[in-house]
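What follows is a single structure, written as structure tokens, with notes after it.
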């Protein structure tokens, strides 16, 4: 059962029981139940508000500089987050490799944003980077919940621990950057752009750490977390090829690489993880056309665009803003500006 | 009765479908699940986020279906605990 620090009936009783108890003849029980209902309602209201006002969820760091906090969720549920603090900024390594990966990789991502884009953490004001590891029991996912990162251990078959790959950490933290910049709505094309920026910055931070050029890079997402029980070598690829086909669990890679194949259904919030394949491929083509290190010119164009977009921006606005960013950064008629237009044209724009 | 957990969103993105071994569930968990399915209030929902969530899909013997979705970004403690118990008895469904 979940632990409760105040009202003992707050956490363990479902709403229908609380409703019954709130009408109890026993005044003490009635009060406890009503307090619990109020607390739950307040928590839901708080979470809804934080989703629309991200600045309020940012935990300021001491000195407004790199400040990492790693927590152990100890296989607890989402409600147990963040868990027990096990490593703070400047602390020595722990015996838990997962904790150290979350700590080290979030530091790499912080350094990447600071050195390449002069950005001070997710909110550009030095907010703390909070990571929780060992979420749930063999939990096959990782996510940014609006306030922090959370990583599952994987089931050891389909996925291994999600902290193992720097691109996973870069992806999740970039959702935080998106939240604190244009805050792209997480559905349809704006949601696909949200996923796209997370994928782009995830691969760029990996390439930056490895010192790879665009040609040397694999351009895959999640390759290092795939387990022995899947035929998939990665979850997504920027190249014009499927990441996996006929996998017993994952099936076929659903990502299109051209606008004509865009998914138009309602699943996946309107295809946010599916249609991100289109701008992903455009970014890959741009990086290959420009050559050299992708976090340089292509990355700069994309980061400038990220700050120019707004909550409901769609693919067409993305095209317009990347072209405007290339123009502003590198000039009219520049190789970079032409390469941006060429990349978008190749994927159907 | 068959119970499925469909995990979606998050980093993975691809929906992962698990089937719960109903025979492994205690009577208390089954009862809590039934009541949660019936009494879960719709209410205002937070906007969708990249965190994703989990959907409990209950397919009854008469073919009727009940679903309940929980966002990882806005967990409800009582449902969250229930999902944890279901996950402990669930295995991944293979597509082929």
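Rule-based calculations on the coordinates, nothing more; no lab input. Note that this is a predicted model, so its numbers are computed, not measured. Heads up, the Cβs are rebuilt from the backbone with ideal geometry, glycines too, and the neighbour counts pull from every protein chain shown.
Based on the mean of other beta carbon atoms within 10 Å per residue, what is the order of A:287-297, A:323-333, most packed first?
A:287-297, A:323-333
Within a 10 angstrom radius of each residue's Cβ in B:15-21, how many Cβ atoms of other chains show up on average? Whole number is fine.
2
For the pair residue B:22/residue A:209, report the inter-label distance in nm, with labels modelled 7 Å from Cα in the Cβ direction.
4.5 nm
Take peptide B:76-89, look around each residue's Cβ out to 10 angstrom, count Cβ atoms belonging to other protein chains, and average those counts.
The mean count of partner-chain Cβ atoms within 10 Å per residue comes to 6.
Label the protein assembly as shown by shape, choosing from rounded, prolate and oblate, from the square roots a ≥ b ≥ c of the eigenvalues of the Cα gyration tensor; if a/c is under 1.5 it is rounded, and otherwise prolate applies when a/b is larger than b/c, oblate when it is not. It would help to have the intermediate numbers written out before the result.
Numbers: a/c = 1.87, a/b = 1.58, b/c = 1.18.
Prolate is the answer for the protein assembly as shown, as a/c is 1.5 or above and a/b outweighs b/c.
Spin-label point model (7 Å from Cα, Cβ direction): what's the residue A:258 to residue A:157 distance in nm?
Computed distance between label sites residue A:258 and residue A:157 equals 3.8 nm.
What is the distance, in nm, between label points placed 7 Å from the Cα along the Cα-to-Cβ direction at residue A:27 and at residue A:327?
With each label placed 7 Å out from Cα toward Cβ, I get 7.3 nm.
Under 1.5 on a/c is rounded, so check that first for chain B, then, if it is not, pick prolate when a/b is larger than b/c and oblate when it is not; a ≥ b ≥ c are the square roots of the alpha carbon gyration tensor eigenvalues.
It is oblate, given that a/c is not under 1.5 and a/b is not larger than b/c.
Answer rounded, prolate or oblate for the range A:170-236, using the Cα gyration tensor with square roots of eigenvalues a ≥ b ≥ c: rounded when a/c is under 1.5, else prolate when a/b is larger than b/c, else oblate.
Since a/c reaches 1.5 but b/c is at least a/b, the shape of the range A:170-236 is classed as oblate.
What's the average, rounded to a whole number, of partner chain beta-carbon atoms within 10 Å of each residue's beta-carbon in A:142-149?
Details: counts 5, 11, 7, 10, 7, 2, 0, 1.
Averaged over the peptide's residues, the number is 5.
Nearest 0.05, what FRET efficiency do residue A:335 and residue A:216 give at R0 = 22 Å with Cβ-Cβ as r?
Between residue A:335 and residue A:216 the formula returns 0.60.
Highest mean first, how do A:150-158, B:4-12, A:192-200 rank when packing is the count of other Cβ atoms within 10 Å averaged over residues?
Packing order, densest peptide first, comes out as A:192-200, B:4-12, A:150-158.
What number, in percent, do you get for the relative contact order of the range A:184-278 if the mean sequence gap of Cα pairs under 8 Å and at least 6 apart is divided by its residue count?
The value is 30 percent.
Can you compute log10 of I(q)/I(0) for the range A:93-195 with the Debye formula, treating each Cα as one identical point scatterer, at q = 0.13, 0.14, 0.24 Å⁻¹?
-0.47, -0.54, -1.29
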